[in-house]
Each structure stands twice: as structure tokens, then as C-alpha cells.
Amino acid sequence: MTISRLNERESGAAIGLKRLVPRMATLVMLGLGALFVAVGVSWQLGQPTIANGFAQLEALQDAPPLGVQVIFSQPDLLLAPTIGLLLIVFGVMKLSPTPQPWSRWVVVSIILILTGRYVLWRSLSSLNLNTPLNGMFSLLLLGFELITIITGSLQLLLLLRRRDRRREADLYSEAVLSGDFLPSVDVMIPTYDEPAFILRRTIIGCQAMEYPNKTIYLLDDTRRPEIRTLAHELGCQYLTRPDNRFAKAGNLNHAIAQTSGELITVFDADFVPTKNFLTRTVGFFQQPQIALVQTPQSFYNIDPVTRNLGLEKITPPEEETFYDHIQPLKDGAGGVVCAGTSFVVRRRSLEEVGGFVTESLSEDYFTAIRIAAQGHQVIYLNEKLSAGLAAENIAAHAMQRVRWGQGTLQAFFISSNPLTIPGLSLMQRLSHLEGLLNWFSITSRVIFLLMPLAYAFLGVIPVQSKGVELVYFFLPYYAVQLCVFAWLNGRSRSAFLSDVYSVVLCLPLSVVVLRAILRPFGKSFKVTPKGTASSRFVFNWTLAWPLLALFIATAVSIWMIMNDGIDPLGLSGVETADMPTFGLGWFWSAYNLFILGIALWAMVDAPNPYTSPWFDLQRRVTLHIQAQSVTRDNSVYPFVQTGRRLQATAVLEATSTPRTTVVDEITDHASIGHSSGDRSPNEVLWGTTTLMSEAGAEIRLSQASSLSIYPESPVPVTLTLLEDRLTIPCRMVRTRSDQGKTIVRVEFQPLPLAQQRRLIELLFCRPGQWMRLNVPNEWRSLLYMVRALLMPRFLFGRSRDISAVQVNQD
């Protein structure tokens, strides 16, 4: 059966499912919520059975089992469990700086034991059920805590099966490099309204892949004449279709029906592969059971949260945490998530499941589930073999996450639900359950922000405990997890920075969760805008106002607690049963206020005037400078200064507004370039690039230079990259002094196609160029967060006018 017929059959089935299954799933989820509300109302109204049941539970809280009681009578021994466990985990991390199977087992076992101990204490000793209002808030908090705990515990269990396939790639790539295994590969680039300059670099990057038996297809779903012309200019195949049915999935399925390659590789319109992408991935398909190989998503620009907070080169993009940490765990369980780009799939396996799934926004995710359910392997190679554009402002960042959330949660309403589809193993289902619960745990973050407000404004005490209990049960659980968090995830994210990223979008994503329950198919697909630029700071009020309201409410709640004279540290010597609870609420509120403040600054989009990304790329170069004639009449002055002082108008910044530098005297035209010791009119300078992009470069000159002023009009120069033997015509637009060296900014002139290819290959396609950035430890992360809060970027510009991506040098 052809892909098109399968799509027609699937679309009819999907319509039927949308009419029936969403009602069932929605009713189940809403029924649980309605049951909780009904119990609370009945309790409040004094219904005997409900009231008596909660009275018995309250009695249990007052006299908990021995296992959830503090066993030390001496206060000095309360910290013994925390100190002892910290010494153990620090010793393990010292012996194993990089997690090994044995060290993971030790640390994960400790955390799981502490988690079980904490859950027992929270459930049997810390609930406050003395009134219906306290009881419902206390149970609500525990319920959302459990969602977060279950999600984290599933990750820990999966961590014990973590896979790393890089050595396998070394072995299997030998047959590809030798030419013994070269199956035909169709490289597909689906596009919907992305700018031509972004597509150009993607097509050139795909063509540069060092694999002979490949065909590049540009799948244009907007039928633009200029994109057809671009495909013809670059020499790739151009495919389109008469409609946009089923969006990206329909576009890919249409192309699959018209092509015949044994393997299919998909790159989003903004993703550029390195030259060795196919040589590192195709070899796996020598194993007949392997159907799909997914690789990580890296990014050649700075994500908006990182850029807005001024954390470049401190923390990696949020999304890379998923690929550095979560995907290797899922690979061990057989639950790898297909990310929609930078993957290779076997055509035969794809056709067996009817092509890409069209019943969900997340066609990639559910297609991989169907393939795995057929008994094939979906694997993950953790090598950065491509890079694309991260969302370029906070609004686009939110739009992207909202689409992912809605698409993933549609799992509960379609036939490809990984929890029910036949053919998956228990571990595969647990792996996908972790991913689904992760979206619900985002809602938990909102509850954690709101719960301290319940005490201040409603008098609710959701956690009832003594200070000794917090030290004995909560502190070991929290301290150990905090200390090993970054170590366990390979230093891809710190716990404190994770809190910031989760709070930034927790409110809109919580709305997505609710909408996905009520109307899972109610929001249409929207492509994340790419290739945008901005020249000023912009505050996103739409996303910020809920956070701002929470920030104000939290600040007021802290003031109310302090105004009541509560002593959260217990330093007054007054002993009351509720004192530790008030102290916990105060510190909880203060931490929330701190995180909310940082999240608000993340809503201020920093200027991003460049549509071409800049890279910290060092290359030895020469600059051939063409001297200009100088006259007093039209005030055109030379770049080559002879040691005499000049009066000139200097463009001191890379802006459209010139500033004027006045010096005392001007030499006459006859003396320039002809007096003894002067340089020749066509001067050659040596230097090293510090920054490069498709649009230009910055060069640090090696020798002392007389380039100290600017002409009113840029002067033509020629830049030669010596190692790469690439010559580029430029215009010199700016110079500045830095630590006694002259820094020159040049803009590239339009290049012939052959030079464009070489430049793009240099910037985007070098194997191994995409660096993995390790986060700082928790305490340094906390310091960076304090700096981000007290010195917001829009008031204290802490970075250069270009935010450059760090890459590995050749």
C-alpha cells in the first residue's frame, strides 16, 4: 500500500478517534479533578464518612509509625544522616569524576532510598488535616510533589541503563569510509516560509556531507518561486505539492512517495550537518534490526533565556540538556525520542508503519513509537553532528515549547499512545511515561510558586512539621540531590539554573496541559519564526504579566509574614508548634521571589541585530588594504597613517551614527604615502580572526599598526584565510584598540557560489566543531543568578556587541 493511501486511511481513523477517544481520556482526567473537589466540599460540609476518614488520618499524622519519627534525642546528632551521606557521595564523585556504572549505582541507590524515606514522612507525618481547607491544600501539594518525585525517580532508574554508542559508531563507520557499505540516502529538507538565506546554508551543508550516494531534496510547502530558483542555483532537487495537508508530516510523506532511497535523512530548514554526519550514522544500518538513528540538536546561536540573562558561555542552551542527559537514558530503555531533525530512518521500516504520523503535531515522536512497536530499534548517537537556530526571542521560545507540549500530550488521545500501543516493552513504556509526566511536573512548579501565598493570604499551613523533622527527613533528601545533580547529568544543567528555566515558562505551559486535556486538537500548527533580528531591548508583557503578578504577591506575602513578628529561625527562644512551619514558608517565599525576579529579566529580549550567527573562530589571515586618495576639499582621508596627526570623522561604533574625533593637524595630500618610512599604498597586514560570520569578521592584528582612524566611507580590503586558502573581498568598517593591539572589523562583499560554499563549510560543517559546554557547580551557578538579578543585562551591558557561539578549532 502506498504512503498516500495509508495517509488517507489514517486520516479517516484519526477523525473517528478524535470524536470518541478524546472524550474518554478527557473525562478520566477531569473526573479525577472533580473527585478531589467533591471530597473537599463534602468534608467542608461535614459529611460524616468523609470527616471521620480524615479525622483518622489526622490521628495517624499525630502518632506516625516509628520509621517516620526522629530517633535521635540529642540535637547534635540530627545532622548526622546529612553529613554522613554527603561524605559518601562526595567520596564517590572524587573516585569517579565522570559517572561510571558502579558509581551511578551507589549514588542512585542512596537517592532512591532517601526519596522513599521522604515520601513516607510527607505522607504519614507532615500532612495538615486539622481543617478541610488546610487538608485540601496539604493533599494538593503532596499530589503535585509526587508527580515531580515520580518523574525524577523514573529518570534515576533509566540512568542505570544509560547507553553511549560512540564506540559503536567508530566500528560501523569503517565500512562506510571504505566504500563497502554505501546504501542510497535521500536527504530531505522540509521548509515552510523560512528565509532563503537560512535554506541556502542548510542545502550547502547537506551537499558538503562526505558521502557519495546521496540526493538532496528541498521540500517547499509554500511553493515560492524564489525557493525553486534557489534549489536550481545550488543544484538540489525541488519538490512541492498542491496543498499543505498534515503540515510537515504530510510534506515528508508526499516526498517519500516520490523518492526511492534506501535510507531517509531529515533536516529542518535551519539545521546544517557537519561533513561526517552520514559517515557516522549510516553504518548502524548494517544491523537489520536498527530502523532509526537520532542525533542531538545543537545550536549555532544563543537561546533567548541565556542571552537575555547574560549567561553566554556559562550555561548551555536549555534544549541541549535533553540531548546530553535524557536521550542517552532513553536509549538504554529503547525509548529514544525522534526529534524531527538530524535523524536517519530506514525507508522500509517507515513504510511498514504508514509513513510519518499525521494525527498529531509531534509527528516525529509518534512515528518513532510506531517503528519501535513493530519490533525495530530506534537508537541515539550522542555526537553533535549538526546545528540549527534556537528560538531568537522569548515569544518564539514560548511558542515552540507550547507546540511541543501540546503535541506530546496528544499521546493520550491517539492510537500511537506509548502507554497502550501493542509491541512495546515495560521499560520502553516507563521511558515514555517519564516524558509525559514531565509536562505535568511543569504544573507542579506553578503549585510550588502559589502554595506559600496560601499561608499569607488564606492562613493555610500545607506542611505541618517540627524543625527537627525538617532537618532529619528533608535536609538529607534535598542536600544530597543538590550536590549530585550536575554530576549525574554530566554537567549539562545545574539545579538552581534548572529552576530559572522551569519558572520562565511554567505558567503558559501549564495552560497547555489544561488545554491538552480539554481540547487536545484545538490549536493549529505554527512554525517557529527564524532569521529575525532586533536592534533594541523589548519587554514581553504578554508572557511577563503573570510572573509580575506572582512576584508582587510573593513580595507582599513576605512583608505580611515579617509584619506579624514571626521568627523563622527560632532565635527568640519562643517555642511553638508552628514555628518551623512559618520559617519554612518564609524561606520558601524568599526563594520563589528570587527565582521570579530572574525570570522577569529573562522576559527582556536583548538586542540581536545580526541575522548571521557569529563564532569564536581563530584563523591566521592577511589583510590587503587599498589606500585611498586624500583631499582637503571632500574630507576623504587615508587608512594608512604616516605618524602625523589627522583630523577625521571616525565611525567608532558599528552603528549608523558617526562620532567625531578631533586632532590637531592634518597632513597634506602630497606627503601621504610618499614620505620616507611610509607604508606602501597597498599595505599587507597579518592577524588572527577572533570572530567570524557569513557577514564579516573581526581580526586582531599581529604587528603594530597605524590603523587608528576611520574614513567616512568604508575602504575595500581583501581578506585571505591562510589555512583554508580562501580569499574574500571585504570592506573595512571599524577599528578599535584592545590591550595594545588593533582590532579590525570587516564586512564581506557578495561572494561567488564556490566561495559561499567554502565559507559555509568553514563556519558550520567542520567535524567536531560544536562544543559541549559544562555548567558551573551549584554555588557558582547561584552567584551567576544573583548577578543576573542585581545587574540585569538591559541596565548593565556585560557582553560585547556580538554574542558569539564558541566552537572547537581545527
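The values are calculated or read from the model by the stated rules, or taken from the named source; none is laboratory data. Remember, predicted model here, so these are calculated numbers, not experimental data. For neighbour counting, all protein chains shown are included, and Cβ atoms are generated from backbone atoms with ideal geometry for every residue, glycine included. Note: accessible area is taken over every heavy atom of the protein model, side chains too, but ligands, DNA and RNA are not part of it. Shrake-Rupley method; radii C 1.70, N 1.55, O 1.52, S 1.80 Å.
Looking at this structure, is Ala387 among the aliphatic types (A, V, I, L, M) and in a helix (DSSP H, G or I)?
no
I'd like the residue in the range 437-454 that is of a type outside the set (S, T, N, Q) and touching a Ser or Thr at 6+ places or on another chain (Cβ under 7 Å) and, out of all such residues, is surrounded by the fewest Cβ atoms within 10 Å (Cβ to Cβ).
Residue satisfying both the conditions and the ranking: Leu437.
Any idea which of (1) exposed (fewer than 15 other Cβ atoms within 10 Å of the Cβ); (2) without any contact (Cβ under 8 Å) to a residue 60 or more places away in the chain; (3) not charged (D, E, K, R) is the one Thr131 doesn't satisfy?
(1)
Based on what the data block shows, is Gly405 under 21 Å from Thr281 (Cβ atoms) and either in contact with a helix residue (DSSP H, G or I) (Cβ under 7 Å, 6 or more places away or on another chain) or part of a strand (DSSP E or B) (or both)?
no
Output the number of residues of the range 362-390 satisfying the condition of being of a type in the set (Gly, Ala, Ser), within 30 Å of Ala533 (Cα to Cα) and surrounded by fewer than 24 Cβ atoms within 10 Å (Cβ to Cβ).
Of the residues in that region, 1 qualify.
So, in the range 134-184, exactly how many residues are in a helix (DSSP H, G or I) and open to solvent by 40 Å² or more (accessible area, probe 1.4 Å)?
We begin by selecting, within the range 134-184, every residue in a helix (DSSP H, G or I); these are 134-159, 166-178.
Add one more test, that the residue is open to solvent by 40 Å² or more (accessible area, probe 1.4 Å), and what stays is 137, 139-140, 144, 146-148, 150, 155, 157, 166-168, 170-172, 174, 177-178.
Matching residues across the range 134-184 total 19.
Hey, Glu312 hits all of (1) open to solvent by less than 10 Å² (accessible area, probe 1.4 Å); (2) out of contact with any Leu (no Cβ under 7 Å at 6 or more places or on another chain); (3) at pLDDT below 95 but one; which does it fall short on?
Unmet condition: (1).
Does Arg787 qualify as being among the charged types (D, E, K, R), at pLDDT 90 or above, surrounded by fewer than 19 Cβ atoms within 10 Å (Cβ to Cβ) and within 28 Å of Val538 (Cβ to Cβ)?
In short, yes.
Restricting attention to the range 87-128, report how many residues are surrounded by 17 or more Cβ atoms within 10 Å (Cβ to Cβ), part of a loop (DSSP other than H, G, I, E, B) and hydroxyl-bearing (Ser, Thr, Tyr).
Looking only at that region, the number is 2.
Residues are listed down the side, and each one gets a yes or a no for (1) modelled with pLDDT of 50 or more; (2) in contact with an Asp or Glu (Cβ under 8 Å, 6 or more places away or on another chain):
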residue	(1), (2)
Asp578	no, no
Gly585	yes, no
Val604	yes, no
Arg620	yes, yes
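Quick one: how many residues across the range 455-489 are of a type in the set (A, V, I, L, M), open to solvent by less than 30 Å² (accessible area, probe 1.4 Å) and either at pLDDT 90 or above or not in a helix (DSSP H, G or I) (or both)?
The number of residues fulfilling the criteria is 9.
Just checking, which of Ile760, Ile802 is in contact (Cβ under 8 Å) with a residue 60 or more places away in the chain, outside any loop (DSSP other than H, G, I, E, B) and β-branched (Val, Ile, Thr)?
Ile760
Looking at the range 275-294, which of its residues are under 23 Å from Arg757 (Cβ atoms) and not aromatic (Phe, Trp, Tyr)? Quick ask: steps written out before the conclusion?
Residues of the range 275-294 under 23 Å from Arg757 (Cβ atoms): 275-282.
Those that are under 23 Å from Arg757 (Cβ atoms) and not aromatic (Phe, Trp, Tyr): Lys275, Asn276, Leu278, Thr279, Arg280, Thr281, Val282.
Would you confirm, using the coordinates I've provided, whether Ala231 is within 24 Å of Gly355 (Cα to Cα) and touching a Leu at 6+ places or on another chain (Cβ under 9 Å)?
When the stated conditions are applied, Ala231 does not pass them.
Output the residues belonging to the range 268-282 that are of a type outside the set (Ser, Thr, Tyr) and under 13 Å from Leu385 (Cβ atoms).
Phe271, Val272, Pro273, Lys275, Asn276, Phe277, Leu278, Arg280, Val282
Would you check which residues across the range 490-500 are buried (at least 22 other Cβ atoms within 10 Å of the Cβ) and in a helix (DSSP H, G or I) and list them?
Answer for the range 490-500, where residues must be buried (at least 22 other Cβ atoms within 10 Å of the Cβ) and in a helix (DSSP H, G or I): Phe496, Leu497, Val500.
Considering only the range 324-343, I want to know if a residue exists there that is at pLDDT 95 or above, closer than 19 Å to Ser425 by Cβ and of a type in the set (Ser, Thr, Tyr).
There is no residue in the range 324-343 that is at pLDDT 95 or above, closer than 19 Å to Ser425 by Cβ and of a type in the set (Ser, Thr, Tyr).
Going residue by residue through the range 408-431, is there one that turns out to be closer than 25 Å to Asn244 by Cα, assigned to a helix (DSSP H, G or I) and open to solvent by 10 Å² or more (accessible area, probe 1.4 Å)?
Yes, the range 408-431 has at least one match.
Looking at Leu751, Leu782, Leu773, which is the one that is touching a helix residue (DSSP H, G or I) at 6+ places or on another chain (Cβ under 7 Å), touching a residue at least 12 places away in the same chain (Cβ under 8 Å) and farther than 30 Å from Leu234 by Cβ?
Details: Leu751 fails: farther than 30 Å from Leu234 by Cβ; Leu773 fails: touching a helix residue (DSSP H, G or I) at 6+ places or on another chain (Cβ under 7 Å).
On inspection, the qualifying residue turns out to be Leu782.
Does Phe54 fit the bill of being part of a helix (DSSP H, G or I), among the hydrophobic types (A, V, I, L, M, F, W, C) and open to solvent by less than 40 Å² (accessible area, probe 1.4 Å)? Please lay out each step first, then the result.
On the way: part of a helix (DSSP H, G or I): yes; among the hydrophobic types (A, V, I, L, M, F, W, C): yes; open to solvent by less than 40 Å² (accessible area, probe 1.4 Å): yes.
Considered against the rule, which asks whether it is part of a helix (DSSP H, G or I), among the hydrophobic types (A, V, I, L, M, F, W, C) and open to solvent by less than 40 Å² (accessible area, probe 1.4 Å), Phe54 comes out as yes.
Quick one: would you say Ala396 is under 20 Å from Leu509 (Cα atoms) and either in contact (Cβ under 8 Å) with a residue 24 or more places away in the chain or part of a strand (DSSP E or B) (or both)?
yes
Could you grab me the full set of residues in the range 235-261 that are touching a helix residue (DSSP H, G or I) at 6+ places or on another chain (Cβ under 6 Å) and either open to solvent by less than 10 Å² (accessible area, probe 1.4 Å) or under 17 Å from Ser184 (Cα atoms) (or both)?
Cys236, Ala249, Asn253, Ile256, Ala257
Could you say whether any residue in the range 208-215 is over 31 Å from the mean Cα position of the chain (by Cα) and surrounded by fewer than 20 Cβ atoms within 10 Å (Cβ to Cβ)? Explain how you work it out, then say what you get.
Start the filter on the range 208-215 by keeping residues that are over 31 Å from the mean Cα position of the chain (by Cα), which leaves 212-213.
Those left that are additionally surrounded by fewer than 20 Cβ atoms within 10 Å (Cβ to Cβ): 212-213.
Yes, the range 208-215 contains a residue that is over 31 Å from the mean Cα position of the chain (by Cα) and surrounded by fewer than 20 Cβ atoms within 10 Å (Cβ to Cβ).
Within the range 107-117, how many residues are touching a residue at least 40 places away in the same chain (Cβ under 8 Å) and under 31 Å from the mean Cα position of the chain (by Cα)?
Residues that pass the stated criteria total 7.
All but one of (1) at pLDDT 90 or above; (2) more than 21 Å from Pro613 (Cα to Cα) hold for Pro752, so report the exception by its number.
Against the list (1) at pLDDT 90 or above; (2) more than 21 Å from Pro613 (Cα to Cα), Pro752 comes up short only on (2).
Go through the range 502-533 and report how many residues are surrounded by fewer than 20 Cβ atoms within 10 Å (Cβ to Cβ), touching a residue at least 60 places away in the same chain (Cβ under 8 Å) and farther than 19 Å from Leu27 by Cα.
Counting residues in the range 502-533 that are surrounded by fewer than 20 Cβ atoms within 10 Å (Cβ to Cβ), touching a residue at least 60 places away in the same chain (Cβ under 8 Å) and farther than 19 Å from Leu27 by Cα gives 11.
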